[in-house]
Each structure stands twice: as C-alpha cells, then as structure tokens.
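Beneath this line is the structure, given in structure tokens, with notes to follow.
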Amino acid sequence: MLDYTKIQKKTFTVKLYDGTTLICTMPKKRTFEKMALMKDINADTLDEKSINDLYEVTAEILSCNMQKKKYTADEVGEMFDIDDVIMLFNEYTEFTGYATDDPN
C-alpha cells in the first residue's frame with residue numbers, strides 16, 4: 001500500500017538574514033513550470049519583466065516550506081538583492097533537479 005503520510009520527502013533548508021530557518025519542499029506544478037521557464041537566467045540578461053518574474057517565483061519557492069510561512073515578491077524584494085535571489089533560485093533549481101533524478 002502506498003501511504004503518503006509515511007513518505008520521507010527531500011528538503012532544502014534556507015537560513016534567512018533575520019535568522020529564520022525555512023525547510024522548503026519540492027514545488028507544486030505551477031511553481032515548477034515557472035522555474036522551468038526561467039532556467040537560463042543570469043544577472044547579465046535580466047530585464048524589468050524577468051526581474052519581477054524572478055522575485056515572484058522566489059516568493060513561491062520560499063512559501064513552499066514546512067513552517068507554512070507565506071512570502072510575497074515585495075517581501076522578498078525587501079530581504080534580498082538581485083544576487084541573493086539568483087543564488088537562491090539556482091541552488092533551489094539544483095535541489096529540485098537532484099531530487100527528481102534521485103531514485104531514492
């Protein structure tokens with residue numbers, strides 16, 4: 001029997017500048033699709049729309065946490081500069097790729 005309440009899920013831990021530690025899980029389909037559209041981002045190719053999109057998807061990433069804390073793009077904009085957001089996005093993207101490729 002498959003019992004979803006017993007499955008051990010992989011997590012991604014983020015410690016924010018204010019000391020808050022978030023235990024993030026895999027994204028839902030909508031967030032994953034947004035991430036896939038932004039997979040080739042870098043600081044040199046960002047325009048205004050892609051910056052806004054990046055902060056939106058980062059808010060969704062941070063909101064996908066076991067503590068049930070929700071974040072908005074504006075809150076993320078107050079916490080992080082663009083380098084921080086790109087670093088988080090890249091690390092989380094690597095985590096999701098690893099977690100989906102890992103057979104265990």
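The values are calculated or read from the model by the stated rules, or taken from the named source; none is laboratory data. Owing to the predicted nature of the structure, the values given are computational and were not obtained by experimental measurement. Using ideal geometry, Cβ is built from the backbone for each residue, glycine included, and neighbour counts are taken over all protein chains shown.
Annotations
- Residue within region 16-27 that is of a type in the set (A, V, I, L, M, F, W, C), over 14 Å from the mean Cα position of the chain (by Cα) and in a loop (DSSP other than H, G, I, E, B) present: no
- Residue selected from region 28-80 under the condition part of a helix (DSSP H, G or I) and among the acidic types (Asp, Glu), by the criterion farthest from the chain's Cα centre (by Cα): Glu48
- Filtered residue count, region 1-34, keeping only those that are closer than 13 Å to Leu62 by Cβ and aliphatic (A, V, I, L, M): 4
- Search result, residues across region 33-68 that are under 21 Å from Gln8 (Cα atoms) and either free of Cβ contacts under 8 Å to residues at least 24 places away in the same chain or surrounded by fewer than 16 Cβ atoms within 10 Å (Cβ to Cβ) (or both): Ser63, Met66, Gln67, Lys68
- Answer residue from region 1-15, given it is more than 22 Å from Asp83 (Cα to Cα) and not hydrophobic (A, V, I, L, M, F, W, C) and is farthest from the chain's Cα centre (by Cα) among those: Asp3
- Selection from region 58-104 of residues that are touching a Lys or Arg at 6+ places or on another chain (Cβ under 8 Å), at pLDDT below 95 and farther than 21 Å from Ile7 by Cβ: Thr93
- Residue match in region 79-88 (condition: touching a residue at least 60 places away in the same chain (Cβ under 8 Å) and within 20 Å of Lys10 (Cβ to Cβ)): yes
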